[in-house]
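The values are calculated or read from the model by the stated rules, or taken from the named source; none is laboratory data. Nothing here was measured: the structure is a model prediction, and the numbers come from that model. Cβ sites come from the backbone with ideal geometry, for glycine too, and all protein chains shown count toward neighbours. Side chains are part of the model used for accessible areas, which takes the heavy atoms of the whole protein and leaves out ligands, DNA and RNA. Shrake-Rupley method; radii C 1.70, N 1.55, O 1.52, S 1.80 Å.
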Amino acid sequence: MLKLYFVRHGESLANLLQEFSNTGCKHPLTENGINQAKSLANQLSSLQITQIYSSPILRALQTAQILSDHLQAPLEITPALQEWSVGIYEGTTAQIGWDLHHQVQDDWFIHQNLDSKMPNGESFREIQARFNPFIERLVENGRYSDQNVVLVAHGGLYLAMLPSILKNVSFTFARQHGFPHTSYAVAELRSDGLYCTSWGTVSLSIQ
C-alpha cells in the first residue's frame, strides 16, 4: 500500500532567532539541524523510498537534499508544501506577531473560523486549496502501488493540514503532540482514505 512520510525539516537559524521566515532562502539549517537530518536519513535507510517532495523554503530543501542524497531517491520541489504565509509579519520577531499567529491558529482549530488570517497572510482555506489537491494527486497516482513517499515541510503547515486529510487524527491531538524537528507522521492509504499509523513516537490504531 502507499505510505506517505510527512517529515518536518531540521532546526534552522530562523528557529533560533524566532523569526518568521516562511518564504525565500534566508535561513539555512543550523549545524544541529544538519545532524538531525543526517540522523533521520539513517532512520529511514531501511525503507525503499521512491520519491521525496520538498517545500521550496531553504530549511526544508536542505533537509530534503540530505535525505535524497543518503536514500538515493529523486527530489522534487513543490509550493504545495510551503509554510503558511504570515503576511506583513514575514521577517519579523516581535511578540505581537507571534501572539497574532497563535490567535489565528485558535480561530482555525477551536472556533472553526477558517477564513481568519494574519494581515496579507493565508487563511486555512487558502492553504488547503494548495495542499489538498497535491495530496489527492499523490494518492490517486499511488493508489495501487507500494510506494514510500517522503514529504519534507513545516510544523505549522502539518499541524493545520494533516488533521484535515488523515481519518484518525484530530486538531486537538495534533496540537497536543506537536511536530518537533525531523519528526514525522506516517500515513497509509486504505480503501476509504489516509490513516495515520504513527505520529512522532506515538503509535495510532486504525479501526
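List of remarks:
- Percent breakdown of C-alpha pair distances by 10 Å bin, ordered from the shortest bin, for the stretch 1-54: 20, 45, 27, 8, 0
- Cα-based shape type of the chain, given that a ≥ b ≥ c are square roots of the gyration tensor eigenvalues and the cut on a/c is 1.5: oblate
- Take every Cα pair under 8 Å whose residues are at least 6 apart in sequence, average their separation, divide by the length of the stretch 164-207, and the relative contact order is 36 percent.
- Residues in the stretch 92-138 average 54 Å² of solvent-accessible surface per residue, probe 1.4 Å, ligands and nucleic acids excluded.
- The relative contact order of the stretch 82-207, computed from alpha carbon pairs under 8 Å that lie at least 6 residues apart in sequence, is 19 percent.
- Available extension along the chain between Asn132 and Glu188 is 18.6 nm, counting 0.36 nm per residue and deducting the alpha carbon span.
- Fraction of accessible area attributable to carbon and sulfur, the stretch 24-86 (%, probe 1.4 Å): 47
- The stretch between Ser46 and Glu76 holds 8.7 nm of extra length on full extension. This uses 0.36 nm per residue minus the Cα-Cα distance.
- The packing ranking of peptides 170-179, 119-128, highest mean first, is 119-128, 170-179, where packing means the average number of other beta carbon atoms within 10 angstrom of each residue.
- All other residues whose Cβ lies under 14 angstrom from that of Ala80 are scored, Lys and Arg at +1 and Asp and Glu at -1, for a net of -3.
- Basic side chains Lys and Arg get +1 at the Cβ, acidic Asp and Glu get -1 at the Cβ, and with that the dipole of the stretch 96-174 about its Cα centre reaches some 220 debye.
- FRET efficiency, 1/(1 + (r/R0)^6) with R0 41 Å, evaluated for Asp146 and Asn32 via beta carbons: 0.75
- 15 Å beta-carbon shell around Leu204, net charge (K/R +1, D/E -1): +2
- Gln103 paired with Ile88, simple spin-label distance in nm, labels 7 Å along Cα-to-beta-carbon: 1.2
- When only Cα pairs below 8 angstrom with a gap of at least 6 residues are kept, the stretch 11-76 shows a relative contact order of 34 percent.
- Whole-Hz couplings from phi, Karplus 6.51/-1.76/1.60, listed for the stretch 55-71; x for Gly and Pro: 4, x, 6, 3, 4, 6, 4, 5, 4, 5, 5, 4, 5, 4, 5, 6, 8
- Long-range amide H partners of Ser145 with built H, under 5 Å: Leu2
- With q set to 0.18 Å⁻¹, the log10 of I(q)/I(0) for the stretch 1-101, from the Debye formula over equal scatterers at the Cα positions, is -0.85.
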